[in-house]
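Read-outs throughout are calculated quantities, based only on the coordinates presented, and are distinct from any laboratory measurement. This structure is a prediction, so every number in the text was calculated from the model and none was measured. Cβ placement follows ideal geometry from the backbone for every residue including glycine, while neighbour counts extend to all protein chains displayed.
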Amino acid sequence: MNPLEQARFSPLYEQMQQALLLQGKRPKTIDAYSRAVRRVAGHFNRCPENLTADELKGYFASLVVSHFWSTVKLERPDNASANPALPPSLAVVMVSSSSTATS
């Protein structure tokens, strides 16, 4: 991630972790959500806030092929729309793909 993207990502990442803590999430849940966001950022080499829904859908589709479904579920939790700690672009794709991905 270039320095400009990293400078944007770091405070958002910290805000997400704090919001999850204030929501009463367990440490393992916070760790799992944080790991998923870092993984998405690493895959695209940029801040997830700047990703489109189509980019994220493609990413999640590739995870279904290369990993167990539980990995994909962890990286796109179905409760993302109710989770203000997640970047809006992640919440949009997580919710929009949840109904088609459960079959």
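Stokes-Einstein diffusion coefficient for the stretch 1-70 at 4 °C in a medium of 1.567 mPa s, Rh from the Kirkwood formula over Cα pairs: what value in µm²/s?
Value of D from the Cα-based Kirkwood radius: 99 µm²/s.
For labels at Asp54 and Leu12 in the simple 7 Å Cα→Cβ model, what's the distance in nm?
Once both label points are built, they end up 1.9 nm from each other.
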